[in-house]
Amino acid sequence: MIRYVVSRLVTAAVMVLLATLVIFLIANTVPGDPALAAMGDMQASDPVQVREFRARWGLDLPLWEQYWLFLQRIAQGDLGISISSRRPVVDDIIDYAPATIELATIAFVLSLLVGLPLGIIAAVRRDSWVDHAARFVALVGVSAPTFWLAFIMLAIFYGQLAWAPGPGRLDPIAFPPERITGLLLIDTAWVGDWETFRDAAAHLVLPSIVLAASTLGLITRTTRAAMLEALSQDYVRVARAKGLLARVVVTGHALPNAMLPVVTLGGLAYANLLTGAVMTETVFGWPGLGRYTFRSAVAVDFPAIMAITAIVAAVFVLVNLLVDLSYALLDPRVVKA
Amino acid sequence: MADQDKPGFGRRPLIAGTAGLLGSILTGARPADAQSAARRGALVIGLDISDALSLDPVRVYQYSNPLPTRAAYDGLVTFDAGDNINVKPALATEWAYQPDGKTIRFKLRPGVKFASGNPVTAEDVRFSFARHLNIKDQPFQYISHVESVAVVDENTVDIVLKDPTLPVISIIATPAFGIQEKALVVANGGTDAADAKEKDKATEWLNNNSAGAGPYRLTGWQRNQQIQMVRNPHYWRGTPGYERVLIRHMSESAAQLLAIQRGDLDVAFNLIPEQIATLRNDPNIQVMGTPSLDFIYMAVTEAPTNPALQNKLARQAIGYAIDFDGIIKNLAGGAAVRPVSFLPVGTNGSTSALTKEIGFNEDLPRARKLLADAGLPNGFKFQLAYGNAAIAGVTYQNLAQKIQADLARVGIIAELAPMDQVNLRTIFMGGKSEAVLTFWNPPAPENWLWSSATVNRVSKRVQWNVPPEMHKLVADAGAERDLVKAAALYRKYQEAMVDFAHHIVLIQPVYQVAVRKSVVGLNLTAAGWMADLSGAKPA
Amino acid sequence: MAEKLVVARPRPAAVRWLRRYGLATLGGAIIVAWIVMAVLAPWVMTYNPNFVNVANRLQPPSAVHWLGTDALGRDVMTRIVYGARISLSVGMVVVLVGGLFGTLLGAVAAYARGWAEEALMRVTDLVFCFPPIILAMAIAAALGIGTVNTVIAMLVVWWPKFARLARSLVISQRSLEYVEAAQSIGFGPVHILMRQIIPNAVGPLIVLVTLDLGQAILVFAGLSFLGLGVVPPTAEWGAMVAEGRELVQQWWVATFPGLAILTVVMGFNFVGDGIRDTGCTLKAMRRECARALVPFKGVHRFIPALVKNAGYRLVEIPVNHRARQFGVSKYGLGNRAIKATMDMFGVRWLQSRGVAYQLRDENA
């Protein structure tokens, strides 16, 4: 078991580095010069200053040397200094990550809370109106473009009905709490600042609904399909024939076996939420990693791009690893070689 | 089926529970009541501050950070709102060129205190400028012709220039050259020594605190979230009207619109013309127009790849085929003016009337005639590049498509090439573009900054071989201290620019800023820092 | 004596069919409608999608402009229909090309086993853990903004999931006996793969293709929204939503293109779900039909008809009835005739579904 985990971790590390290498190579084929975009107008017009800037940021070194420097720095935990914000990338990420983590987690929890029961009921009462309603809701959630859904929800629930507060993590007038973790809900609860807690929670409602919409559809569909599969098995018939309560049959017998694909997909969905919330963050003015990723990509900010790629790749392979490991917990039949 | 399964999950209780939770969260956190005292004592400004890299005056040169910098740091001189020609005293009461021509002597205002309570001295002034001169970041480029700054006595400072013909007084009105408190900056790692470029470590501290004499003091900056400032009780013009100033980052103009309508914001800077129209009927909000000195222009290059563009007449034809009035009236909602060329309306020598007289105007027959004279009766093709951005609510994308449609009327085909900033800057700076839509915003309202830019660095970008007469014209106009004579010289300069047709200026926006009527005394300005917060107070 | 024959209420065939396949048909109808509109666009739409008329900008929906005009005065409805051309064609290209390439790669690697399969797994893992936004933007920055370049960027990230799926399907098939049999007969690997394995495994692939068509359209619209994608003034749904994003008052500019995306993707999703629900393998279809014929009390009634249809003579059927007299039917003649005719039709229908009934020979 330990050997398996270790070997998977090693593979994961290799995967992450390969990902950064590929991105590095692609980013270097960009014909533009990121130095020019990062400097002011007058400085950028002076070739001497441009050369100096490029030398300071190591942009003129041969490619393999730049990558080698990057590897060395990563080994020491230093992700480099962002060209466009002039700060260490680690600082930038620490600044922006909690917002995304908070949003993604809440959205994921929401989609689980709604999607799992919906999928189970849809499977149990197959072809009834509940099933159809659940499938419809799931499909609409999966089919709606996130950026459009965000716009619509904002326009209706903030613009017209004034039920929800506006974009941003807090109201303009609110005092942000002392930063402990960066996650507003935890920070405010820690010090007992319930006013700000409610404000932060209210601001989380709309964006997490938007984000949860597509994951909800996925989870409902997967749960329903897995439950259908499980319910058609013989052991369920036996359980029913034994006279067990329907509820017990579903939750105690069919559900644990149906959870496997749901866990897989759920893990991947969470990783997706963490790394791909650009549209939602843009429309809701959420200062998160998605927007940072987008801006770094636009500015061809090498250190930031590679750091983000490394982190995203690491998140994905780690989630994969965790999911695979959880198989052993959930399904004793799975044998790890 | 005969079986009726009852899984036993209350689906209804679950839905009811979730809805109840949502409802309690949402109702419990209404936006703060606009009447509460804390809310009234704070000025909340909505602005897109995502481009701010630093709040250290030595490094301030973006679009959004001059506003908080001006609020925190007062400079030697300033411009009054609405007047971009006459420099007014601020921390310096009078100034004069010395007999040697290279030195300007400034007399400082007595009795001015920093936010910390310490008095402003000549040493602080010298330190601030020396720090600029030695750290050599972007703002330094504008005063690179300053040789040194020297203390004469307690209340007098000399600025010594390398070249006496180059202007400097209007340039140091920029917030970046605000006076910093030497003791505070040095205590936090700052230095003005010759090796300040490597040794100065105060920027990190100055990003979250200020050391100036302005009406407000910086207390915090969360990037892409907000900038917080508190009142400076020692301010020399009198106690500022608000206890706190919050600059909230909102990049979406729709969000700013809704926020100001609900009272979450007092001032919204980034609204677009369509949204402004809806605010005109709102009794709580007034829309203030502030003429700016920024403009959007199309740079047309004598590209080696495009023989048509090398012909001056062909370039002029482009200028005469564009429906400028339609652009301003419809795309910019009428909230814009248009200068002749690279000198914005409102500076010395540039007016809207002049544009009608000697500038580009829509004249299709003339454009066709120019094309015929250029030997291109059927028009020609060129590539128009631009980035993904919007100025005053006009996106480059819409502008480019409108231009494309306009030019097609005379047979000129513009192929649109949207690009990201990096590629755009690279091809533009490298002179490899054919035509680019871009934006110019001045660091300070000094004519010479524009004119010299066009014949120096910008000319390289458009592959313009600037004839020596132009260089002389620009230098003469810059050195001329008499305003009327300078205006005449600048008229000649602008006529030449139209003739060469490398820069076609499209829109000089009149920024529409929405301000709630509960705020009075907010003076908007075009001089580069958007608004003067010193006079703002609750109604 | 009163006998209660409890028969499950036979729902009319139409309702049953609607419940099973209603959504899928709706989805299919939506897609067909969009395709027809997209193809016939130049003849049906009267406005020019690229005609800029800034004086006419941002008009609300009216009789003249059914869905209003956008920020440059162009008719929104025309742009939406022309946008359908781009979206549908891009979606099809990406999914079909990526799907084909991925499936072949995955199937071949899975059949070849060994290091080829390992290498495929590692490569797909690698592509999976890329942030697609960064990849798309990097490629756009390197190659320039445009439809073709965005399609290339999407193809790079699209093929792995097909490869993975094909691999898992082939794995489940490759150790089955018929493959072994075919190998021992002497068929070459290409033949086995192409003619035997893939046809058996094609069901889930078709589902994935259908669902992915919607997904590809969504992703392309998203990339256009971010500023990559099409070059203006080409009409495209994501770009149109981006243009209208700030215009909360002029809601029609952003709402209608988004609705278009929603309906098209929903259509593809409905169809894909419908296909998936049938299971798509012969065995699954049979299982489906057998499940539909859940034994209920009284199915025995059809057995006489079955027996007669198969050409046997009916002797006696053991029936769970109360005692009755031999040779005396509990039904009258007229009833019997009518019921027998109805049963005949019912059984024909059952048999057309391929439901297998086995009759046991009592005397064997």
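The values are calculated or read from the model by the stated rules, or taken from the named source; none is laboratory data. All values derive from a computational prediction rather than experimental measurement. Don't worry about glycine lacking a Cβ; one is built from the backbone with ideal geometry, like all the others, and counts go over all protein chains shown.
What to note about this one:
- Scanning segment A:48-71 for residues that are charged (D, E, K, R) and under 17 Å from residue A:23 (Cα atoms) yields a single hit, A:65.
- Positions within segment C:56-104 being within 14 Å of another protein chain (Cβ to nearest Cβ), over 20 Å from the mean Cα position of the chain (by Cα) and buried (at least 19 other Cβ atoms within 10 Å of the Cβ), in sequence order: C:57, C:58, C:68, C:69, C:70, C:71, C:72, C:73, C:74, C:79, C:80, C:83
- Looking across A:139, A:184, one residue alone is within 12 Å of chain C (Cβ to nearest Cβ) and buried (at least 18 other Cβ atoms within 10 Å of the Cβ). It is A:139.
- Residue check for residue A:113: of a type outside the set (S, T, N, Q) and either under 30 Å from residue A:40 (Cβ atoms) or without any contact (Cβ under 8 Å) to a residue 40 or more places away in the chain (or both): yes
- Of all the criteria given as (1) surrounded by fewer than 24 Cβ atoms within 10 Å (Cβ to Cβ); (2) within 27 Å of the chain's Cα centre (by Cα); (3) more than 17 Å from residue C:30 (Cα to Cα); (4) at pLDDT 80 or above, the one not satisfied by residue C:222 is (1).
- Screening residue A:247 on (1) touching a residue at least 24 places away in the same chain (Cβ under 8 Å); (2) over 17 Å from residue A:15 (Cβ atoms); (3) of a type in the set (D, E, K, R) shows it passes everything except condition (1).
- Residue B:431 being more than 14 Å from chain A (Cβ to nearest Cβ), part of a loop (DSSP other than H, G, I, E, B) and on the phi > 0 side of the Ramachandran plot: no
- Taken together, the residues in segment B:36-64 that are more than 22 Å from residue B:130 (Cβ to Cβ) and in contact with a Leu (Cβ under 8 Å, 6 or more places away or on another chain) amount to 8.
- Residue A:103 meets the conditions (1) buried (at least 23 other Cβ atoms within 10 Å of the Cβ); (2) within 26 Å of residue A:247 (Cβ to Cβ) in every case but one. The failed one is (2).
- Test result for residue C:69, assigned by TED's automatic domain parsing to the domain that holds residue C:262 and closer than 18 Å to residue C:259 by Cα: yes
- Check on residue B:283, in contact with a Pro (Cβ under 7 Å, 6 or more places away or on another chain), more than 14 Å from chain A (Cβ to nearest Cβ) and not in a helix (DSSP H, G or I): no
- Listing of helices (runs of 4 or more DSSP H) fully contained in segment B:108-189 that carry 2 or more residues being more than 14 Å from chain A (Cβ to nearest Cβ) and buried (at least 20 other Cβ atoms within 10 Å of the Cβ): B:122-135, B:182-187
- When residues of segment C:171-186 are limited to those that are in contact with a helix residue (DSSP H, G or I) (Cβ under 8 Å, 6 or more places away or on another chain) and of a type in the set (A, V, I, L, M, F, W, C), the one surrounded by the most Cβ atoms within 10 Å (Cβ to Cβ): C:179
- Qualifying residue in segment A:198-220 (condition: assigned to a helix (DSSP H, G or I), in contact with a Lys or Arg (Cβ under 6 Å, 6 or more places away or on another chain) and not basic (Lys, Arg)): yes
- Looking across segment C:229-251 at every residue that is more than 9 Å from chain B (Cβ to nearest Cβ) and part of a loop (DSSP other than H, G, I, E, B), the one that is nearest to residue C:139 (Cα to Cα) is identified as C:229.
- Sole exception among (1) surrounded by fewer than 24 Cβ atoms within 10 Å (Cβ to Cβ); (2) not in a loop (DSSP other than H, G, I, E, B) for residue C:254, by number: (1)
- Residues in segment A:32-60 that are more than 11 Å from chain B (Cβ to nearest Cβ) and touching a residue at least 24 places away in the same chain (Cβ under 8 Å): A:57, A:59.
- Any strands (runs of 3 or more DSSP E) falling wholly within segment B:205-280 and containing at least 2 residues that are more than 22 Å from the chain's Cα centre (by Cα) and within 13 Å of another protein chain (Cβ to nearest Cβ): B:216-222
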